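Before any comments, here is the structure.
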Amino acid sequence: QVQLVESGGGLVQPGGSLRLSCASSGGAFSQTVMAWFRQTPGKEREFVAAIGWNGDNTRYADSVQGRFTISRDNIKNMVFLQMDSLKPEDTAVYYCAGSRTYQLLTQGTVYRFWGQGTQVTVSS
């Protein structure tokens, strides 16, 4: 059973940066599409970014394109989300997710593995 553990969340001022990490254990990480989602109270979970098996393919939500960068390390079994130029509307709980599909899909329902989430708060 794949287990995912996020870290790196916190409080940051608007315009600042944070780097989220997600450590994976218990599965074939190099054959898993990895993604980040986020959710705020009262709203549906939102796709943020996804990365393919070898890291060559990435996909981003329009709201974070150009500001966030997803990457992975298949030796360390980790995926990262570098978040720059943060805005108050980026405030959310961020979740790491994994899927054994090959496509970089945005629907949360296709992702089988989920972490517990890490809080990101952007505020002055």
If the requirement is being under 12 Å from the mean Cα position of the chain (by Cα), closer than 17 Å to Arg19 by Cα and open to solvent by less than 20 Å² (accessible area, probe 1.4 Å), which of these qualifies: Phe68, Phe80? Phe68
All but one of (1) touching a Phe, Trp or Tyr at 6+ places or on another chain (Cβ under 9 Å); (2) open to solvent by 50 Å² or more (accessible area, probe 1.4 Å) hold for Ile75; state the number of the condition that does not hold. (1)
Name the residue, out of Arg38, Arg45, that is basic (Lys, Arg), farther than 17 Å from Cys22 by Cα and modelled with pLDDT of 95 or more. Arg45
Of the listed residues (Tyr111, Tyr102), the one being touching a residue at least 60 places away in the same chain (Cβ under 8 Å) and open to solvent by less than 60 Å² (accessible area, probe 1.4 Å) is Tyr111
Criterion (of a type in the set (Asp, Glu) and touching a residue at least 12 places away in the same chain (Cβ under 8 Å)) met by exactly one of Asp84, Asp62: Asp84
Whichever residue in the stretch 83-99 is of a type in the set (S, T, N, Q) and over 19 Å from Glu44 (Cα atoms) and, among such residues, is least open to solvent (accessible area, probe 1.4 Å): Ser99
Positions within the stretch 15-40 being of a type in the set (Val, Ile, Thr) and more than 18 Å from Thr101 (Cβ to Cβ), in sequence order: Thr40
Mind checking which residues of the stretch 48-85 are at positive phi and either at pLDDT 95 or above or touching a Gly at 6+ places or on another chain (Cβ under 7 Å) (or both)? Gly66, Asn77, Ser85
Taking Gln3, is it surrounded by fewer than 18 Cβ atoms within 10 Å (Cβ to Cβ) and touching an Asp or Glu at 6+ places or on another chain (Cβ under 7 Å)? no
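The values are calculated or read from the model by the stated rules, or taken from the named source; none is laboratory data. Only a predicted model underlies this, so the values are computations on that prediction, with no experimental measurement involved. Every residue, glycine as well, gets a Cβ built from its backbone with ideal geometry; the counts of neighbours run over all protein chains shown. Protein only, heavy atoms only, side chains kept; ligands, DNA and RNA dropped before computing areas. Shrake-Rupley method; radii C 1.70, N 1.55, O 1.52, S 1.80 Å.
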